[in-house]
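Colleague: Structure provided below as structure tokens; questions to follow.
Every number here is computed from the coordinates shown, using simple stated rules; none is lab data. Everything numeric in this text was worked out from a predicted model, so none of it was measured. All Cβ positions, glycine included, derive from the backbone under ideal geometry; neighbour counts span all protein chains shown.
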There are 2 protein chains.
Amino acid sequence: MKKPDEIPTRERLLTSGAFLFAEKGFNGTSVRKVCEHANTSLNMVHHYFGSKAGLLDAIVEQFSSGVFLVPIRLLDKPLRSKDDFLSRIEMLFEATLDAYIEHRSVLLVVIREQADPKALPEFMSRFTQFLNQAKKMGYVREELHTDMVMGFLLDRIYSQVQLAPWIKRNYGTDLLGDPEYKKKWCEANIDVFVNGILS
Amino acid sequence: MKKPDEIPTRERLLTSGAFLFAEKGFNGTSVRKVCEHANTSLNMVHHYFGSKAGLLDAIVEQFSSGVFLVPIRLLDKPLRSKDDFLSRIEMLFEATLDAYIEHRSVLLVVIREQADPKALPEFMSRFTQFLNQAKKMGYVREELHTDMVMGFLLDRIYSQVQLAPWIKRNYGTDLLGDPEYKKKWCEANIDVFVNGILS
């Protein structure tokens with residue numbers, strides 16, 4: 001892990017901005033606070049992002065590229081077989097979960113500020129196409145509404161990562177900090193989804 | 001529908017409080033603003049709820065009773081048959097969706113303030129028991145991790161209701177305002193879940 005002072009200023013501002021906007025909201029956070037938290041001088045937000053709104057845009061953009069790049073790549077290649085389909089669903093679920101966990105602050109900012117990450121609709125539509133392709137190949141039930149169930153896995157991940165502290169407090173399970181539990185949780189959820197869609 | 005001045009003061013304060021806390025957060029909302037919005041005199045929050053924190057507690061409590069009363073009742077009675085199990089899953093999904101839609105402002109407050117609605121853990125544990133009972137009766141696959149998949153439907157509902165304005169803006173579908181779409185969406189999601197858990 002890099003020491004804080006080895007991380008480039010722009011990156012530190014993105015991290016601090018995401019952390020503070022997630023905690024206090026965009027309106028509740030001053031440029032001064034972001035710079036203090038990132039340990040930079042006061043004009044650095046202006047220098048790198050033009051304004052506080054520019055910083056927010058860059059944070060949301062970071063979510064797009066950081067979270068959806070790997071999953072989109074998994075959906076992009078043609079399916080070779082049913083096994084290929086199943087293992088891609090599995091990798092998709094795990095890769096998306098890991099990305100949401102890694103970028104959890106940014107996720108909270110995106111929700112709180114009702115931002116529109118550019119890559120999300122693209123990811124959604126590719127997921128639907130992916131399921132349609134699997135249907136054409138006979139892996140998925142004919143009567144499945146691929147466009148309506150595509151978000152099932154994503155919503156599951158999204159809710160659990162968003163609500164993680166609440167869940168830990170109320171149930172003691174820790175998806176973010178307990179790799180053993182995370183593994184079992186992934187398997188159990190993929191199992192239901194896959195059984196739910198297969199022909 | 002009642003006219004605003006026919007609704008009791010306490011109820012108007014709960015509605016206005018939920019609306020404003022959802023929009024601006026608990027810290028970003030003054031008692032004065034709540035009273036103005038509810039069209040009451042300034043001491044009414046104090047009179048009914050003791051303080052702004054008391055109003056928040058009452059709003060969260062309202063979420064507990066308003067949202068989980070019907071679903072808990074659906075889980076409570078012993079299962080008679082597989083058909084009974086299937087129709088209860090269906091009713092559970094639709095009743096919970098309707099309750100989340102009706103109490104959407106309160107839901108947003110609960111998330112934003114990281115509150116702990118008392119009835120939610122009870123609902124969760126009854127849902128698990130319900131699936132365990134179905135497993136005992138042979139309706140549900142033996143290898144299903146009932147405790148880990150119990151939240152699948154809830155997370156789906158929760159995410160879609162929370163993100164409804166964003167989804168409408170980006171995809172044009174309207175779960176809150178389009179009954180035809182809502183019906184199809186419910187059917188498609190119940191179909192996947194049920195196929196995913198049945199033996």
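Colleague: A:L69 to A:N39: FRET efficiency via 1/(1 + (r/R0)^6), r the Cβ-Cβ distance, R0 41 Å, to the nearest 0.05? The partial results should precede the final answer.
Modeller: Numbers: r = 29 Å, r/R0 = 0.70.
Result of the calculation: an efficiency of 0.90.
Colleague: Still on this structure, I have one more. In whole angstrom, and with the biggest value first, how far do the Cα coordinates of the protein assembly as shown range along each principal axis?
Modeller: Taking max minus min along each principal axis of the Cα atoms, the protein assembly as shown gives 59, 57, 38 Å.
Colleague: What nm distances, shortest first, do you get from the label point of A:H46 to those in the other copies when the point sits 7 angstrom along Cα to Cβ?
Modeller: Counterpart label points of A:H46 in the remaining copies fall at 4.5 nm.
Colleague: Could I ask something else about it? What is the spin-label model distance, in nm, from B:L79 to A:D83 if the labels are put 7 Å beyond Cα along the C-beta direction?
Modeller: Here the modelled spin labels are 3.4 nm apart.
Colleague: Report the residue, chosen from A:F68, A:F26, A:F127, that carries the largest GNM mean-square fluctuation when chain A is represented by alpha-carbon nodes joined by springs under 10 Å.
Modeller: A:F26
Colleague: Something else: In nm, what does the list of distances from B:S30 to its counterparts in the other copies look like, shortest first, when each label sits 7 Å along Cα to Cβ?
Modeller: Once sorted, the set of distances for B:S30 reads 2.0 nm.
Colleague: Something else now. For region B:1-78 and region A:152-199, compute the distance between their C-alpha centroids and round to whole Å.
Modeller: One Cα centre to the other: 32 Å.
Colleague: Let me see the pair-distance distribution of chain B: every alpha carbon pair, 10 Å bin width, integer percents in order.
Modeller: Cα pair-distance distribution for chain B, in percent: 8, 31, 30, 20, 9, 2.
Colleague: With an 8 Å Cα cut-off and a minimum separation of 6 or more residues, compute the relative contact order for region A:12-107 in percent.
Modeller: Result for region A:12-107 is 30 percent.
Colleague: To the nearest whole percent, what portion of all C-alpha pairs in region B:1-50 is separated by more than 12 angstrom?
Modeller: Numbers: 713 of 1225 pairs.
Of the Cα pairs, 58 percent sit more than 12 Å apart.
Colleague: If each Cα of region B:50-107 is one equal point scatterer, what is log10 of I(q)/I(0) from the Debye formula at q = 0.13 Å⁻¹?
Modeller: -0.43
Colleague: Moving on to the next point. Please report the Cα spread of region B:2-111 along all three principal axes, rounded to whole Å, starting with the longest.
Modeller: Here the spans come out as 56, 29, 21 Å, largest first.
Colleague: Using a Gaussian network model on chain B with a 10 Å cutoff between Cα atoms, which of B:V70, B:V60, B:V109 fluctuates the most?
Modeller: Looking only at B:V70, B:V60, B:V109, the largest GNM fluctuation is found for B:V70.
Colleague: Still on this structure, please answer the following. For helix A:52-76, report the angle its Cα long axis makes with the longest principal axis of the Cα atoms of chain A; keep it between 0 and 90° and round to the nearest 10°.
Modeller: Here the helix axis deviates by roughly 20 degrees.
Colleague: Can I ask one more? Rounded to the nearest 20 debye, what is the charge dipole size of chain B about its Cα centre when +1 sits on each Lys and Arg Cβ and -1 on each Asp and Glu Cβ?
Modeller: Values: 26 positive and 26 negative charges, 51 e Å.
Roughly 240 debye for chain B.
Colleague: Could you check the spin-label model distance between A:M91 and B:Q129? Points 7 Å from the Cα along Cα→Cβ, value in nm.
Modeller: 4.4 nm
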